[in-house]
Structure formats: C-alpha cells, structure tokens
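These notes are about the structure you will find just below.
Coordinate-derived values only; no laboratory data. Quick caveat: nothing in here was measured; it's all calculated off a predicted structure. Note that we place each Cβ from the backbone using ideal geometry, even for glycine, and neighbour counts take in every protein chain shown.
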Amino acid sequence: MFDPSKPRIFGIPSGSDFPKVLVEGLMQRHGDAPPEDLARATLMVNTRRMARRIRDLFDAGPALLLPRIGLVTDPAMGRVLPDIPDAVSPLRRRLEVAQLVSRLLDSQPDLAPRASLYDLSDSLAALMDEMQGEGVAPDVLRNLDVSDESGHWKRALNFLDIVQHYFEDSIDAPDSETRARMIVTALTGDWAANPPQTPLIVAGSTGSRGTTMLLMKAVAKLPQGAIVLPGFDFDMPLSGWDDLDDALAAEDHPQYRFRKLMNELGIGPQDVQPWTDTPAPCPPRNRLLSLALRPAPVTDRWLEEGPQLQDLDQACADLTVIEAQSQRDEALAIALRLRRAADEGITAALITPDRMLTRQVTSALDRWGIVPDDSAGTPLQLSPPGRFLRHVSALFHRKLTSESLLTLLMHPLTHSGGERGPHLLLTRELELHIRRTGMPFPDPVQMRAWAAVIDRPMAVAWMEWLIENFIDKDTGGEIALTDHVERHMILAEAIANGSAPSGDSALWSGDSGLAAQGVVATLSGEAEHGGILSASDYADMFGAILSQGEVRNPDEPHPKILIWGTLEARVQGADLVILGGLNEGSWPEMPNPDPWLNRRMRHDAGLLLPERRIGLSAHDFQQAAGAPQVWMTRSVRSDDAETVPSRWLNRMTNLLNGLPGQGGDVALAGARARGDEWLALARKLEEPGTTPAAPRPSPRPPVASRPNRLSVTEIKRLIRDPYAIYARHVLRLRPLDPLMRAPDALLRGIVTHSVLERFIHECRADPAALTAQRLNEIADTVLAQNVPWPDIRALWAARIGRIADWFVASEKERQARAVPTYFEEKGEVGIDGIDFTLVGKADRIDMDDMGRAHIYDYKTGAPPSAKQQRIFDKQLLLEAAMISRGGFPDIGLADVAEATFIGLGSKPAEVAAPLEDEPVEQVWDKFETLIQSYFQPEQGYTARRALFKDSDISDYDQLSRFGEWDVTSEPEPEDLS
C-alpha cells in the first residue's frame, strides 16, 4: 500500500471531512488489490466517535472486507500482553491520593485549607497521570533549578513526596497512563524485532500526549506504517514552520504539534504528502487563516506575505461574522440559521466550548420543535438521579431545614415506587402548614400532630416514613467510605420507594438512572480504598465523582442539526459550521491554574505547557474554519461586561482590514453585513407585539360584596392603598407565607411583644422585678424559645439590652400614672345604619385611679408622627374611640387619658396620639364618613392611592399591573358584578 522508501507522513487539509477523505484515500491506495489485503490493514484513530463514523462510511457500500479499526488509546487492540498487569482503576487511585492528602493536611494544616482537599487530590492525580504519560520521574522535579526557594515550592514537594511510591510501584500496579506507555513500549520492542508487513495507519491524532507521540514515532518507522494528520497546513512556508521550533513561543499555534512530530522523525514539512488529491473546501480561506494564525512574535510576516494573498473575496464569500450585543442575541441568530438549515436539509453543526451558549441555542430551537444532537449530553450531576442522590447525601451532614425537606419531597424520583399522587398532595398540604406556622426546622412532634388531624388517607403512615427517612440524619462523626456508600444508597432507595411501594422506583431507570447506578457500583467496588471520612467530605467526594459522568439526551435528536465540542471538528464534516462563543476566556478557554508547577518549570521538566490546550483549540478552530460554509459568532457583552474577541477572530479581522488593496476590508464588511442581516431577523423575532398599557385600577364591586369587617390596623391600608383591601377581602387573595420564616421585622415585633408582656406581668406580681437585668433575662428566654437563629438571637438580645434601661425608667413613670391591666385585649364596634364592624386588639391598656384608660402600642420600628396619625395611621385614635364607645366589653365605657406609641428602635421614644387635636368623637365621625363612602356604589378601591413613598411595595402590585401605570395616572373606575 505504501512505498517504504519514502516518509509515510500524510496530511489532510483543514475544512475537509476527515473520516470521509481518510476512507477515500485508503480505497484509492487499495486499488485493485485482493479484498483480503484491506482486511489486513489496521486503522488507529483518536476517538470512538471517529471510529463509528469510519465504520458508517464503509457500511454505505460497496460490500467489502473492512480493515481493523482501533483507538490510539488502546494500541494493543485486545491483544493479551501477559507481562503487563491490568491498570488500577482511576477512581481507586483518586481515593488513595485523597487519603494521603487528607493525612498530610491533618498533620500540617498550614499547607492548605481543608476545603481544598478534593481539588488538591484531583490536581495531584492529574499531575501524576501527566508525569507517567510523558515519562517524567519525580526526581526530575526535585532536580529542577529553582532559584527562588519559596515556601510554595517546598509545600508542593511535600505533596509530591506522598505519591512517590506510586511511581516506584507502577510496574506492579500501573495507572492507566503508565499501562498505556508500557504497552506502547512493548509494542515498539516487538516491532523492532519483527516489524509487521501489513499496513498500520495512525489517523486523526495530533500527538499531543507523550505516549501517543511515542506510538506515532514507532508506527512511522514500520515498513507499512503511516501517519495521517488532520488539518495540516500545506500553505505555510518553510520559514513559518521554522518559527514553531520554540515551545515557549509557539505552543499555542495550531500546527505546533505537527512541527514537533516532524522534528522527532527527522523530516520537514516538505516531506508531508497530501493523503488524496481532493482539494480543501475553500483553499483561499485556508491560506488566509494560515497567515492570520502565525505565532504572535512573528506577526510582522503579515507585512511581507500579506500582499501575496489572493482571492480574499472567495475566502469570505461563504463566511458570516456575527458580533451580537448579547449572548441571547447571538444564540437566537444561531438558532435561526440552524432552523433554516433544517428546512434546507443540509447538515449544520454548532461548535463551541461554551455550554451556556449551547443551552440557550437549544432552548431557542425548542420553539420550532427542533432537538439538536448534542455530543456533550447532560452532566450526570445535573440529571434527575444525580440531583436526587446529592440531595440525599446532604441529609447526613446538614441540619434539615423545611426548605431542603420540601425540595427533596417534590423531586420527581421521590416516592416514585407507588402512590406518587397522594404523596404530592400531602407534600403540598405540608408545605402550606409549614408556611403558616413558620417552621424553619421540621419538628417531629408538630408534624405528627398535623398528620393526625388532617383528613387524608395514608397521612399518618406517610408522616412516619418522612420522619424516619429525613429527620435527624446529620449525626456527625467519621466512618469508612464503604459504610457511607451503603447507608447513602439504602436511604436513597427508601426515599425513592416511598411509604407505600407497589413496584420498583424510577431511581435507576432510563439512561440517566443506569449511568448513576454505574457510578455508584464503581464507587462501591473501590470504596475499600477510601478510608475514613466525614459525612461532609463524603458528600463533596460523591458530587465530584458524579460531575465526571455524562448522560446523552434521551430525546430523538434531529439527524442534521448538531452541537459539537471543539474536538468533533475533526471527526466529521458538515455543510455549515458555526463557530460560536469566539471570545477570550471561552474559545480559547484559559488554562486552569496549576498549584504545583509554573510554566518554566513545566518546560524544563518535559511536561506539557499550559498553552497546549490553547494550541489544540487553535487547531480545532483552524480545522473547522475551513468548512464549505462558516459562521463565526461572538457577543460583545456578557454578564453586563465587555468581552474581548477571540485572538483568532481578532487576527483574521485585523489581517483582512490591513489588506484594502486586495479587497480584504470589503470582504470582511460583506461577512459582517450578512451577520447583521441575521441579527436583524433575530431582533424582529423577539419584537413584542403592541399591547396597550393597563390603566390604574379602581374596581367598584357590588356593595354586598364589599368588606363589612376590618381591623384598626387595616384602616391605614384602606386610606393609603384601597386596592389591597379589595384584593384581600373581596377577591380573598392573600400573599403566600414564606417557606422559611426570615428573621424579619414582623417576627422581631412578635418576639418583642412577648418579651414585654411577660416582663410587665411579672412586674405586676413582683414590683422588684422591674429592672433592666430581669428584662434582659426574660428576653434571653423568649428569644431561645422563638428564634432558632443563633446570630439573630444575639443581635436582637443586644438591641433589647440597649433599650432596657430606658424602658425600665419610662415604665416606672407609666406605672406611676396607671396600672397595667389589659393585654392583647380584643374589642369591636359597629357603625349605625350600615353592616360594618371595626375590630381591634390593643397591645396594652392601663387603668388609673379615676377609671381612665391609658392605651399603649409597642413599635419596634419608627412610630408614626402626630401628623401621620391625624391623616393616615388611625390605629391608636380608633382604639381610643372604641373605648369611649364601650367597644371593649371587659373595660366598658371609659374615658381615655392618653394613647401612646412606645418606640423600641435604635432611638427609643414615646409618641403620643394627638387626642387634643383629634377628639375621639371627631375621630369616629371621620371614620364613619370614610367607611360609608366605600358603601356607595360609585366609590372605587384605587390602587396605591397614597403610599408613604412611591418606591414602597404593595403585596398586590403585580395584580394591579403597577409599572404599566404610575402614580400620576388617573384611576379608571370599573364596575364589577
């Protein structure tokens, strides 16, 4: 098949459908040879996806004997090598390394924070893999010339020392990277002694890893061995190749790996032959990109070689450049083009490492019922079983809150073994109960009491199941990893089965369930190597292990609308390729921080430089950008910040703009104009229809439907925001109580009232208790009973402590005037002539020797001023009027000596109600006039009539569609029936 006298290094130009051209070239070289000759050939490719594509191409016909197809990561291809033991599981090695790092951190806690345990273990395991793959021994690192004997390097050596034995024992218990290198070494030895005479072809690999490079060098020396390089730049001159010899300057170049391979083989770029005579889809664009992507230090070559570029109009004829103002606009434009591609029946692929962009594009395509074939799938940790298992693991190390309880109860896998409907009904009723009672942490006593009184089937059994499986699981302590996994899975299955299982739950069903089950099985098999760890460490470890798995989309995807990662650019071709998210930090992605070695140290040790990944991404970009039709897209802004264009897009546009004599600027302008047309379509698609703004509502319900009973505290709302009274009492809409009662002003007021009421009662029984010390003691007791947040308890106790002396001093004056007699006293008074009752509950009413009432109301916030009380806040004035009219049965008719707000804020003060300016009879007359007006059919309940500030929030702003109108809008009455 090959001439053994010539170098057998071949290349396929960028933009070509690599697998298709590879098969075409293989068939051309096979020619009229006997069919069994092709079957003796061996193809070694870089990914399983490429292997499947090659098989599909052969399956398309004609019928023939296929070559053997394997992976460069499995060079033995099923061959038994008895001298090489099986590789140790990567998970086992990771667990062992985590134990060692944990012990080191326990002995030397100043090395790193405990929270970084698994990140350090992962990065250390990755460094071990890299060292073994590149053939770098630990001694090489210790012998590095580090002039700065910094504490960081000494700490790094401490970590490297703990994994030393893995290198020493690698022959008996090799890692996967070590075993792969051992296999390649063994094969190289066999081939040197008995070189195979049949074709052996390594195709699609760039040789970026040391073991793969070793294999490619060995194959190139075989009589019928050949290398087929993807995306080889046949347009770069020899001087350009010479610029790639320095790794520190050229590692991020797309062709650097090929230059390194050629140097290893002792050949030059002129020795790399085209695999076939098939030209690239767009040779002018390949030449443009070849020059644009030269290493940064030698971009002065543009001045010399730029004027020689020709056919720039052809290079950009099928190129579209989109620079959207936001990622949403970018995603929508891409989705529109993919939709047209689906209508045209062409194959279109979006290539990007930005998963947020792919999710937005997928969401936009959903409006047309198009499900793209996403090669990345969904991370296992974000799948339903992944989320469920992580929620369950949290039960062992976090105090259960009502929020986390309901989150897990509502999960689609919970109680999926039977009676799912009754479970959801009980869950929703439990949620309402928790919201009403403000239960931040589930209380078994309260919950059993609730289950016993509700009229629902299986409520009691369901509650016992809930208490047994959810509450008090955070017992703390450290146990073996095997025990962690066992109790985790037992609890997960119990929660998934439910309280009345009638079959298997859905926990392990479907693709995602099977994938999660596989991960758990692997972890169970290797758990004996995990040692002893806490529940928190176990949860972190479990989540990290899940994050490494993926689940393919279970829906049937569109066969021609594809989403690829950057590596897939060389796997198969597409008629239209969209390179999305071309911003720095996204494509190329920035290298991850290396906690062990800096760039120079990596170079001196023979390890991979951080720019390696950038160079591989650059090669993927160059390969994809040579497709027949290409889109290059980016967003100008992301997360409210300006973005920086990808260096590759930036270079290409700068080069084109710098060649006006050859029409480069015009060609680029045309590509951008085509992009602007699609952005305009996207904006048109998003353009909302014209909908008239809602008027300011002032509903007028029938008089019979209007509220006939209000409390004194609601009169303020009736004056300031009548619409809220209409929504609450006519429509019977009430804001849903928060799931987790926050330590807000309402709770603080309730607790403070309880403290003061208990204090005053005790002082009545024992006047000697009227001291600041006793007030603080009572406050501590009440706060401990009612406030479950330690920090808030301390804060509120301090606030009460600051006002304790003032309150005691002022209380002595109050008790000198009158005796505290009534607390939380309820009363009501009707209005003559209409069916309306005013109700109220006074915080505290003292009675003096003359039988007069002294009304007090505690305010933890700022008390209303006298002016506010005259116009809006009528609470104390109305309570005084109710007493004067005998509205409190236990008090009877009585005069009111004073009505006072006791402000308990940062500046405690007493604010008296203006009874002299607003006598009780006058207050009542005004109140009757107000209420009677709302019993007239023409009186509407106007929204936000007189709120204290325009920025104040009403519970019913959304219902009234506030925002479509403002406070300057005239109310629009609406008669309701």
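Below are the figures for this structure:
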| item | result |
| --- | --- |
| Fully extended contour minus Cα-Cα distance, from Asp271 to Arg599, at 0.36 nm per residue | 114.9 nm |
| Other-chain or far-sequence residues with amide H under 5 Å of Leu582's (modelled H) | Thr633, Arg634, Ser635 |
| Value of Rg to Rh for segment 482-536 (Rh from inverse mean 1/r over Cα pairs, i.e. Kirkwood) | 1.03 |
| Inter-label distance for Glu777 and Ser865, nm, one decimal - labels placed 7 Å from Cα along Cα-to-Cβ | 4.2 |
| Per-residue ³J(HN,Hα) for segment 240-245, Karplus 6.51 cos²θ - 1.76 cosθ + 1.60, θ = phi - 60°, Hz, x for Gly and Pro | x, 5, 4, 6, 9, 6 |
| Ellipsoid semi-axes in whole angstrom, largest first, where each is sqrt(5λ) of the Cα gyration tensor of segment 477-588 | 37, 21, 12 |
| Rounded to whole Hz, the Karplus (6.51, -1.76, 1.60) HN-Hα couplings of segment 604-612, x for glycine and proline | 5, 7, x, 8, 6, 7, x, 6, 4 |
| Distance between segment 232-263 and segment 30-65 - C-alpha centres, whole angstrom | 31 |
| About the Cα centre, charge dipole magnitude for segment 783-847 (Lys/Arg +1, Asp/Glu -1 at Cβ), debye | 420 |
| Gly11 long-range amide H proximity, modeled H, under 5 Å | Leu229, Gln273, Trp275 |
| Those trypsin sites (Lys or Arg not before Pro) in segment 50-142 that DSSP places in a loop and that have at most 12 other beta carbons within 10 Å | Arg79 |
| Taking Trp241, Trp587 and counting other C-beta atoms within 10 Å, the order from fewest to most | Trp241, Trp587 |
| Segment 657-719 versus segment 317-376: alpha-carbon centroid distance in Å | 24 |
| Normalised convex hull volume, the chain, alpha-carbon set, Å³ per residue | 248 |
| Between 0 and 90°, nearest 10: helix 90-107 axis offset from the chain longest Cα axis | 60 |
| Angle between the chain longest axis and helix 535-546 axis [Cα atoms, degrees, rounded to 10] | 50 |
| Under 5 Å, built H, 5+ apart or other chain: amide partners of Ala818 | none |
| Kirkwood hydrodynamic radius (C-alpha pairs) into Stokes-Einstein, segment 605-664, 4 °C and 1.567 mPa s, D in µm²/s | 92 |
| Straight-distance crosslink candidates among lysines, where the alpha carbon sits under 30 Å from Lys841 and sequence neighbours closer than 8 are dropped | Lys716, Lys812, Lys826, Lys859, Lys867, Lys874, Lys907, Lys926, Lys949 |
| Whole-angstrom gap from segment 937-977 to segment 721-780, using each part's C-alpha centre | 30 |
| Nearest-0.05 FRET efficiency for Gln785 and Gln325, computed from C-beta distance (R0 45 Å) | 0.20 |
| Between 0 and 90°, nearest 10: helix 790-817 axis offset from the chain longest Cα axis | 10 |
| Cα-based equivalent ellipsoid of segment 739-817: semi-axis lengths in Å, sorted from largest, via gyration tensor | 24, 11, 11 |
| Simple label model, 7 Å out from Cα along Cβ direction - Lys20 to Asp83, nm | 4.5 |
| Three-way shape call for segment 865-977 based on the alpha-carbon gyration tensor, with the a/c threshold at 1.5 | oblate |
| Exposure proxy order (Cβ contacts within 10 Å, fewest to most) of Val755, Val21, Val644 | Val644, Val21, Val755 |
| Three-way shape label, segment 209-359, alpha-carbon gyration tensor, a/c 1.5 | prolate |
| Cα gyration tensor shape for segment 508-558, rounded if a/c is under 1.5, else prolate or oblate | prolate |
| Sorted by Cβ density within 10 Å, fewest first, the residues Val829, Val321 | Val829, Val321 |
| Equivalent ellipsoid dimensions for segment 380-551 as semi-axes, Å, which come from the Cα gyration tensor, largest first | 29, 18, 13 |
| Distance in nm between pseudo-label sites at Val819 and Glu686 (7 Å out along the Cβ direction from Cα) | 7.3 |
| J(HN,Hα) series, segment 723-728, from Karplus relation 6.51 cos²θ - 1.76 cosθ + 1.60, nearest Hz, glycine and proline x | 4, 5, 5, 4, 5, 6 |
| Convex hull volume per residue for segment 679-790, taking Cα atoms only, in Å³ | 241 |
